[in-house]
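Here is the structure we will look at.
The values are calculated or read from the model by the stated rules, or taken from the named source; none is laboratory data. As the structure is a computational prediction, the values presented were derived from the model and not from experiment. All Cβ positions, even for glycine, are placed from backbone atoms using ideal geometry, and neighbour counts span all protein chains on display. To get the accessible areas, we keep the full protein, side chains included, count just its heavy atoms, and leave off ligands, DNA and RNA. Shrake-Rupley method; radii C 1.70, N 1.55, O 1.52, S 1.80 Å.
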Amino acid sequence: MAEISPSTDHSAAKSKKSNDINNSGDEKAKKKLATLSELFSFSTTEKRTRPFLILGLTSASVTGCVYPAMAFFFAQVFEEFSADVSDGDSFMDGIRRMAYTFMVLGVIAYIFMSIQNTLLDSAATDMANTFQKTYFSLLLHQDPTYFDLTDVAGAAGMISQNGAKFKKG
């Protein structure tokens, strides 16, 4: 903020102050977000984090493939319904086959969604803990003058809150 000296015009100081406020809003908007490589750099310390990420993303891919398969089989249901009903056994066999197909796809989706959720949640928790440990470790190695110049308590609270957001995704 601008300091006001006796020779400073107060209207100029007010406009400087309003410009500082406007610029601080622009600075917040221009904050550089972390890249993916920076974000996943916290997955290097725990040995289980990277395999959890890889297996979780693979499970997500399998889960994503279930829905197009369901759409494909759903189109075949209309084929089965339009079949000749005079032969009741073959008609019911086709309907039964479709019902079992949807049950198997549902079980596959459930299993892989559960695996995906568990593994990605564990990886996010490990990465958030690594992030917090790294920050606090660096904080403990600072010179004593660093604590006079910065608001460490506010930054520590911010890291804890952002760590919780990081875990949630």
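Ignoring ligands, DNA and RNA, how do Glu80, Glu38 rank by accessible area with a 1.4 Å probe, largest first?
Accessible-area ranking of Glu80, Glu38, largest first: Glu38, Glu80.
Got a number for the accessible area of Ile54? Probe 1.4 Å, square angstrom, nearest 10.
110 Å²
Could you report the accessible area of Phe78 in Å², rounded to 10, computed with a 1.4 Å probe on the protein chains as they sit in the structure?
In the full protein context, Phe78 sits at about 120 Å².
Would you please calculate the Kirkwood hydrodynamic radius of the range 109-169 over all C-alpha pairs and express it in Å, rounded to one decimal?
About 13.3 Å for the range 109-169.
So, taking all protein chains as they sit and a 1.4 Å probe, how much accessible area belongs to Asp143, in Å² rounded to tens?
Around 100 Å² of this residue is reachable by solvent.
Evaluate E = 1/(1 + (r/R0)^6) for Tyr110 and Arg48, where r is the Cβ-Cβ distance and R0 equals 30 Å; express this FRET efficiency to the nearest 0.05.
Between Tyr110 and Arg48 the formula returns 0.80.
On a full-extension model of 0.36 nm per residue, what is the gain between Lys133 and Ala164, subtracting their alpha-carbon distance, rounded to one decimal in nm?
Extra length available between Lys133 and Ala164 comes to 9.8 nm.
Over the range 57-134, what percent of the accessible surface lies on carbon and sulfur atoms, probe 1.4 Å?
The value for the range 57-134 is 68 percent carbon and sulfur by accessible area.
Compactness ratio of the range 42-82: Cα Rg over 2.2 N^0.38 Å, N = residue count?
1.97
Which length gain, in nm to one decimal place, applies between Leu33 and Asp89 when the Cα-Cα distance is subtracted from 0.36 nm times their residue separation? Each step should come with its number before you reach the end.
On the way: separation 56, 0.36 × 56 = 20.16 nm, distance 6.19 nm.
Gain in length upon complete extension: 14.0 nm.
Once the other residues with Cβ under 9 Å from the Cβ of Gly94 are scored (Lys, Arg +1; Asp, Glu -1), what is the net sum?
Summing Lys and Arg as +1 and Asp and Glu as -1 gives -1.
Just to be sure I follow: if Rg is taken over the C-alpha atoms of the range 37-124 and Rh is the Kirkwood radius over the same atoms, what is Rg/Rh?
Using only Cα positions, Rg/Rh for the range 37-124 is 1.27.
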